[in-house]
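The values are calculated or read from the model by the stated rules, or taken from the named source; none is laboratory data. Note that the structure is predicted; figures quoted are calculated from it, not measured. Glycine also receives a Cβ, built like all others from the backbone with ideal geometry; neighbour counts cover every protein chain displayed.
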Amino acid sequence: MRRHLSTAICLALAGFTMAPLGAASAAEVREATTQLPRGVVPSHYDVAVTPHADKLSFDGQVTITLTVNKPTSSIVLNAADLTFSKASLTAEKGKMAFAAPKIAVDEKAQTATFTFDHPIPVGTYRLAMTYAGKIGTQANGIFALDYDTKAGKKRALYTQFENSDARRFIPSWDEPNYKATFTLTANVPNGEMAVSNMPIASKKDLGNGMTEVHFGQSPKMSTYLLFFGLGDFERATLNAEGTEIGVITQKGMIDQAQFALDSSKLVLKEYNDYFGVPYPLPKLDNIAAPGKSQFFSAMENWGAIFTFEYSLLMNPHISTQRDKERVFNVAAHEMAHQWFGDLVTMNWWDDLWLNEGFASWMAARTTHKLHPEWHTDLDAVGVREGAMGQDSVVTTHPVVQHVETVEQASQAFDAITYSKGEAVIHMLEGYVGEDAWRTGVRNYIKAHAYGNTVSDDLWKSVQAAAGKPITQIAHDFTLQPGIPMIEVRAAACSNGKTTIALRQGEFTRDRPNKQPLRWHVPVIAKTVGGETVRTVVDGKATLTVPGCGPVLVNAGQTGYYRTLYAQNNFDALKGQFAKLAPIDQLGLLGDTWALGMAGNEPVSNVLALITATPADADPQVWSEVAGYLSALDNYYRGDQARQQRLRTFALGQLQPVFAKIGWEAKAGESAPTANLRQSLIAVMADLGDEQVINEARRRFAAQKTNPDAVPVALRKTITAIVAQKADPATWDQLHAKAKAETTPLIKDQLYSMLSIPENDALAQRALNLALTDEPGATNSAGMIRAVGYQHPEMAFDFAVAHREQVNKLVDSTSSSRYYPVLGASSTKPEMIQKIQDYAQKYIAPTSRRVAEQVVANIKYRMMIREDRLPEIDAWLDKHAG
Ligand SMILES: [Zn+2]
């Protein structure tokens, strides 16, 4: 699944995490946790469904082939929101008869128990059930999405089962290591397209305007990977390496999926080679759906990837270079899961990171390999920062963590699982080398195909391929939480070599006196321009690197740790900042920002680095600098005089860079330059640059007579500035535009922009609008959240006051995080109290991680305003006039 994750800069606003549950040892995770008795095991589901889209309900029949391993008189499986009308059990061999069982449904445990009048002996049986269920309006189980088209409103159906919602569609053993095969039959209206994991095997006209569609049998897989979709769709295909690759969209949009289709072909070829096992299904579709979820953007159903339109389509009117990069990366992520996740699946949710960390790493690697011109390799620092933002506060948890409940499983989809997982894999691949890593992965896939694994299965395989120990390092970084901090001291140069002393501690933002944990940390160091030297630091180390001059530790930035330099080493590095590779400039900026804010070094060091950034630095370095200045500006919120002084300094840094780039794209300019233009315009407007704001307004107004006034690449950026700075008349104008728009992708964008005005009264109007039917069922939750970035108190109070209505707008997997996050950008102690009161009242004690994380972040933001900003002020007094 592709989860929404915050970037390095805004993670303080949107961080998600959970309370520490303690590191699970390898031995503990070996036996899968289960919520069902283990004596009965399914091997095949034969399912038939008839959806009633108009009534938001469906009828189902399933026959499950199962093996009873231990005599029992009851069978327990998962079911949620299903009602049963009939059930029967027959022995596969022989004629043993069973009277109809008693059926008991436990709503809270999400189980159904079938009790028989005498024990069922060991053997193979068929359990047949007739049942009915509900079609939802948010992405859990089977759900409906309504959307506008030029021909009027339409409704399409899709399913979303990860982590535990297949039980809303089929009574099933809905846990990842109960793998089974599936055959699905659906009775659907003539003329609508039905899609599932496998190709259609046969069709029968039922004569009543309905068609019976029978899909081929799936390979052995986990329940959460099953998919069904139905609607007025269009499909385009091509063939690659014996696989039919398809994209499916609402009718009329198929051209916008061409880029995703072509990209999928390239990625499939790359993965067939990388994994050494060819893609095992006959076809691979990617289904685009309008709307959005608060939880995810895409899902790796085997052979039938589901992706919201904004992450799959390239719309000629609004899509940008960044959108293109996201479409590619999301497809590469979901396709990596077809092997890592679908073919080989984690045993239980404890090892969810095996799916998500790996798919994120594989997508990043493949995006860079197939599109080196995008320079996305530099994003690795942002990924690391995103993970460290969450990993440096008390509420963090290890990458491998123990999960007991459904709610805990859904909370495990966080920045630690995705981004720390990705960063740790990046570090370990760097440690053993690309070839050994790939061999290890290939052997692992081959050995565990159609099975389930734990993290140690991967470590063993890579260790064997590499011929060098990695398990200790891997355990240090995945079984315990937190971030190593490598202190660099006492550099001395003699005979053309520099010797440095390294000491390991722990980086934490909120527990400066904490007894540090210990890690085996792979460290790569060099003098600026010199050869790299590698070592593993456990405690203390001395390291000699060739050359004299300032030493750079974590050269190449593959290490998951922070580097704290003695001030004289830092000053010397700053002096050579322009000579560092862009990735190291980004790494040094990230460490300096975080260590300064946490109080490990002067916070003004980051300002000194910003002033040392040359005007011709890599566009991604300037994007990051703009991000840090914007984050700093945010901390001054509500203190206009001091904020103004920072803004004058910040604009003084950014304006010369923007002057070179300008509003209009130049022929042949690089992708990162196009991205930087967007970032600079947005941040400079945020910082109150009157020229930029006026130009954005002028262009927005001029597009009525001159469509070229707003280039496609800047359409979202310019509209967002106009919306953010809107007066009531402008807001009304945007509202009218949103109402009239019939393309879901553009319409959704306009409704989220209606929710970002700085003006209080307009923000209130956006909240009220969110509770009406007008924006559409999947826009409203995002609108309230968007209001929360600028107006956290207003958004939080509003959502809590209208809780019953708001709950219907949020997918059930997200609700325990949704409310606390609305208040996350606050710096007020009252908000802490409100979130704690809310958690106490409405969130189960085992599901309060996100609430705790938000509270930790608000406290941290308060500390920064109190303790760090005065130091920034003093630096500005001295250096910025
Ligand atoms: Zn994923």
Identify the single condition in (1) touching a strand residue (DSSP E or B) at 6+ places or on another chain (Cβ under 8 Å); (2) away from the ligand (no atom under 15 Å from the Cβ); (3) free of Cβ contacts under 8 Å to residues at least 24 places away in the same chain that Glu309 does not satisfy, given that it satisfies every other one. (3)
What about Thr846, is it over 30 Å from Arg642 (Cβ atoms) and either crowded, with 21+ Cβ neighbours inside 10 Å or at pLDDT 95 or above (or both)? no
Taking the condition of a type in the set (A, V, I, L, M, F, W, C) and within 16 Å of the ligand (Cβ to nearest atom), does Ala364 pass? yes
Condition (residue is within 16 Å of the ligand (Cβ to nearest atom) and either aromatic (Phe, Trp, Tyr) or at positive phi (or both)) applied to the stretch 277-293: is it met by at least one residue? no
Please go through the stretch 210-230 and give me each residue that is part of a strand (DSSP E or B) and among the charged types (D, E, K, R), ordered by number. Glu212
Residues of the stretch 811-860 being within 17 Å of Arg637 (Cα to Cα), of a type outside the set (A, V, I, L, M, F, W, C) and within 24 Å of the chain's Cα centre (by Cα), in sequence order, are Gly823, Ser825, Ser826, Asn857, Tyr860
If you go through Ala650, Ala674, Ala617, Ala682, the only one that is modelled with pLDDT of 95 or more, touching a Lys or Arg at 6+ places or on another chain (Cβ under 9 Å) and surrounded by 16 or more Cβ atoms within 10 Å (Cβ to Cβ) is Ala674
Condition test on Leu89, is it buried (at least 16 other Cβ atoms within 10 Å of the Cβ), of a type in the set (A, V, I, L, M, F, W, C) and farther than 28 Å from Gly229 by Cα? yes
Report every pair of residues separated by at least 6 positions or lying on different chains whose Cβ atoms are under 8 Å apart, first residue within the stretch 345-363 and without any contact (Cβ under 8 Å) to a residue 24 or more places away in the chain, second small (Gly, Ala, Ser) and more than 11 Å from the ligand (Cβ to nearest atom). none
Check every one of the strands (runs of 3 or more DSSP E) wholly within the stretch 116-175 and list those with 3 or more residues that are touching a helix residue (DSSP H, G or I) at 6+ places or on another chain (Cβ under 9 Å). 141-149, 152-160
Matching option when the condition is assigned to a loop (DSSP other than H, G, I, E, B) and at pLDDT 95 or above, among Arg518, Arg534, Arg511: Arg518
Helices (runs of 4 or more DSSP H) wholly in the stretch 737-803 with at least 1 residues that are more than 20 Å from Pro820 (Cβ to Cβ) - which ones? 744-753, 760-770
Go through the residues of the stretch 460-474 one by one and say whether even a single one is of a type in the set (Gly, Ala, Ser), within 29 Å of Gln390 (Cα to Cα) and either part of a helix (DSSP H, G or I) or in contact with a Phe, Trp or Tyr (Cβ under 9 Å, 6 or more places away or on another chain) (or both). yes
Given (1) touching a Leu at 6+ places or on another chain (Cβ under 6 Å); (2) away from the ligand (no atom under 13 Å from the Cβ); (3) under 28 Å from Tyr274 (Cβ atoms), index of the condition Thr417 fails: (2)
May I ask you to list the residues in the stretch 231-262 that are within 26 Å of the chain's Cα centre (by Cα) and hydrophobic (A, V, I, L, M, F, W, C)? Ile245, Val247, Ile248, Met253, Ile254, Ala257, Phe259, Ala260, Leu261
